[in-house]
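What follows is one structure encoded as structure tokens, with my remarks underneath.
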Amino acid sequence: MRSLLQALSIARKDLTVELRTKESLNAAIAFSVVMLLLFSFAFDPAADVTREIAAGLLWIVFAFSGALIFNRAFVRELPNDCLDVLLSSPISPASLLLGKAAAIFVLLLFLEAISLVVFGVFYNLRWWLRPIELALVCILASWGISILGAVFGALTVNLRLRELMLPVIIYPILIPLLIAAVELTDTLFRNQPLSPDQLLWGRLLVVFDVVFTALALALAEAILVN
Amino acid sequence: MLLSAMDTRNFTFMFYGFLAAWLIVLIYIVSLARRGARLKKELEQVRNLVSSKHP
Amino acid sequence: MFDAIQIDQLWKFYGDYAAVRDFTLSVPEDACCALIGRNGAGKTTLLRVLAGLSRFDRGTVRLFGEPPRKQTTRRQIGFLGHGIGVYEDLTARENLYFFARIAGLKTNSSLIDSSLERVGLARVSGMPVRQFSRGMHQRLALARAFLHSPKILVLDEPFTALDDHAIAALTELLHEARKAGATILISTHQLREALTIASHVALIENGRLRFSGERTPEMLEDPALLYRMNLE
Amino acid sequence: MRERLVIALAAIAALLLAYNLYHIFLVLPDEAAQGAIYRIIFFHVPAAITAFTGFFVTLVLSIMYLISGNLRYDSLAASVTEVGVVFACVNLVTGMIWARIIWGIWWTWDARLTSMLVCVLIYSGYLMLRRAIDEPTQRARLSAALSIFGFADVILVWKSIQWFRTQHPSPVLSIRTGGGNIDPAMEHMLYLNFLAILMIAAALVLVRTRQETMAREIDSLRRLANAA
């Protein structure tokens, strides 16, 4: 209970700083709009083809511009050696990781909401037909991205090449999550009900979240304490 | 010839397959050997450096 | 009765290189021990182990009889490292508020007010730290490190980066802390400043303990004495 | 001692390989549908099993490192992963050449191909991470954590891509199918060649581990030189 509260303090602190500086959020939103624009050159926005690949496009945008958010999560603690202070204070590394993931999660959901609106306008796509299911998919998939973003942000925070290493190691690991999210989102965009087959993908998302959250909490100490 | 008993269909590609497989392993072995030589040299150098500082 | 800090045959490796070797030291309660040694002698590594920032490979470390990574132990440690450990984008008050929560303190504003008062930052408590001068940064860092009235203070080279005003604040805080019964371990290569507040001295060289004992008046007169003693 | 072991392993592997090659080319009959090229399977499948064995062993070694803090486990884990990636590449390339003939295309986004490719990517990331960290203890800790995440992910990748798309021939080994799919002589040869390739891999791992130990020694001497 106490560690959850501590995680909450971390998340709140991160969000306060982010709201004040908007350093990663602005960049991430700008980047996602640019990506959506670029895709419109690559594929004809009016064609049925676009509708076919819409879900895939969108999740690529989320995953890539999300990187600008989770990249900052631990880098933010580097100036003035704040990470050292946090690690020597009576907060468990697991709570620290959880708090970081929670802050990334909130920012990521915000980014997704904005991208969806932009996407709907640019590509004339009616994405709001199944709002509750879509929200659920976004929440499940974004949590997976957030917890892995926090873990690998922590893992690479002390490296010289962290900006290069982070995408190289995180995207292969995100593949199953992205496949599942794309499959589900695609069905929802078509306004079809989720078949039992599709629910299998939902279950994959849940398993992904549970497995990696558990691993993250178990390995937090090993990752963060030298 | 014993070889004539073998089906000749796709023979060249089979050859390529075997070649590619062993080529990859061979390239790795060569890189391993070069890295080994480099490490040996480096170790020598660092040993000299340390012994010159702590006579 | 435990000593406040008990280090027994401690080894810490970076790869195959031992940064701290077979290090044994105990610091009694409410002592102030100055850890002296050259750059690269292992001071920082040792302090990081004590502050719970680093693991160690062999030996035991006990703070009031408990291992340093234990959460209840960390609640009693105040750590001030090379970096000052405050957030630029929060105000002074928000910084202290955040660290108080992390330390598990009841966050009442009187505690934060009084600690801001002590370092002379009460009037600028609502200002973002980014706008602070260097000295004000450092005083805020001091307030942060002493906020939860730690029983053990681990200070890594505190005098090198501080300006005069901050050194005065630190010296006062250290005296107060000692009066309140805190144990202090302070690493430095500025012998004179450290020796004036220290009650004990430990000399570390190449990761090994070379000398430890009470500070004598001779040392105060001739700080270099320690290094010479070691030569004999 | 270690060198002798490497030489012995390599020698036995070479003998076994010569025996296997003789049988693969000259004794075993052709497969009815595919012609000569089916013989690639004798390297393709053992290479895949070797690679996966390697990745699993890395998982175990990484956990053992995190528990014990003994850097030998880390050196071994790094070596095993590297050799595993090499054989995963062998698997991919031989598979592509086979696919060119049988399917008419070099690559298809089939479940097994994609999974193996993702595996190669994940473990290449592991090897790259190792190169990016200089301090051996930190490197050991972080790469051990990454390999645990990587292995958990490999299982999920495998499952999800299997649902997603599949085109690959179904399993041939009788352990998986309950028998009947493959000529026993051919299956026997698969196992023999697996043994040969495993021995080659083991010899490579031993050589690589020695290098890791050497690299650590260099690092510690450097630190000593810098400290003094």
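The values are calculated or read from the model by the stated rules, or taken from the named source; none is laboratory data. Fair warning: this is a prediction, and the values are worked out from it, not measured in the lab. No Cβ is skipped: glycine too gets one built from the backbone with ideal geometry, and neighbour counts run over all protein chains shown. Areas reflect the complete protein model, heavy atoms only, side chains present, ligands, DNA and RNA absent. Shrake-Rupley method; radii C 1.70, N 1.55, O 1.52, S 1.80 Å.
Some notes on this structure:
- Here the translational diffusion coefficient of chain A follows from Stokes-Einstein with Rh set to the Kirkwood radius across Cα pairs; for 25 °C and 0.890 mPa s it amounts to 135 µm²/s.
- Computed over neighbours whose Cβ is under 11 Å from that of residue A:54, the net charge equals 0, Lys and Arg +1, Asp and Glu -1.
- Across segment A:2-224, the relative contact order, built from alpha-carbon pairs under 8 Å that are at least six residues apart, equals 28 percent.
- Per residue of D:39-46, other chain Cβ atoms within 10 Å of the residue Cβ number 3 on average.
- Packing around the peptides C:21-27, A:53-59, C:215-221, taken as the average count of other Cβ atoms within 10 Å per residue, puts them in this order, highest first: A:53-59, C:21-27, C:215-221.
- For segment A:44-57, 3J(HN,Hα) per residue [Karplus equation, 6.51 cos²θ - 1.76 cosθ + 1.60, θ = phi - 60°, Hz, x = Gly/Pro]: 5, x, 8, 5, 5, 3, 4, 4, 5, 9, 3, 4, x, 3
- Heavy-atom accessible area buried between chains D and B is around 3400 Å² (1.4 Å probe, both sides summed).
- Peptides A:198-205, A:76-83 ranked from most to least packed give A:76-83, A:198-205, packing being the mean of other C-beta atoms within 10 angstrom over each peptide's residues.
- Peptide A:169-182 has a mean shielding of 6, counted as Cβ atoms of other protein chains within 10 Å of each residue's Cβ.
- Between the helical axis of A:196-224 and the longest alpha-carbon principal axis of chain A there is an angle of about 20 degrees.
- Between 0 and 90°, nearest 10: helix A:93-123 axis offset from chain A longest Cα axis: 20 degrees
- From the largest down, the protein assembly as shown spans 100, 71, 42 angstrom on the principal axes of its Cα atoms.
- In this Cβ point-charge picture (+1 for Lys and Arg, -1 for Asp and Glu), chain C has a dipole of about 760 debye about its Cα centre.
- Between 0 and 90 degrees, the angle of helix C:109-118 with respect to the longest Cα principal axis of chain C falls at about 60 degrees.
- For the peptide C:122-128, the mean number of other protein chain Cβ atoms found within 10 angstrom of a residue's Cβ is 0.
- Positive minus negative residues near residue D:137 (Lys, Arg vs Asp, Glu; Cβ under 15 Å): +2
- Å² of accessible area per residue within chain D, as computed with a 1.4 Å probe and no ligands counted: 42 Å²
- The GNM of chain C, with springs linking C-alpha atoms under 10 angstrom apart, assigns the highest mean-square fluctuation among C:52, C:65, C:42 to C:65.
- The Cα trace of segment D:1-107 gives Rg and Dmax of 17.7, 54 Å, the first to one decimal, the second as a whole number.
- Cα-based convex hull, segment C:58-121, per residue volume (Å³, whole number): 124 Å³
- Each helix, a run of at least 4 DSSP H residues, gives -39500 (n - 2.57); summed and divided by the residues of the protein assembly as shown, these come to -23000 deg cm²/dmol at 222 nm.
- With θ taken as phi - 60° and the Karplus curve 6.51 cos²θ - 1.76 cosθ + 1.60 applied, the whole-hertz 3J(HN,Hα) list for segment D:190-205 is 4, 5, 4, 6, 4, 4, 4, 5, 4, 5, 4, 4, 4, 4, 4, 4 Hz, x standing for glycine and proline.
- The lysines within cross-link reach of residue C:12, meaning a Cα-to-Cα straight distance under 19 Å and a gap of 8 or more places when in the same chain, are C:43, C:70.
- Net charge of the neighbourhood of residue C:110, taken over other residues with C-beta under 13 Å away and scored Lys/Arg +1, Asp/Glu -1, is +1.
- Accessible surface buried once D binds A (1.4 Å probe; total of both sides; Å²): 2600 Å²
- When the charge dipole of the protein assembly as shown is built from unit charges on Cβ atoms (+1 for Lys and Arg, -1 for Asp and Glu) and taken about the Cα centre, the candidate among D:227, A:136, C:119 whose Cα reaches farthest toward its positive end is D:227.
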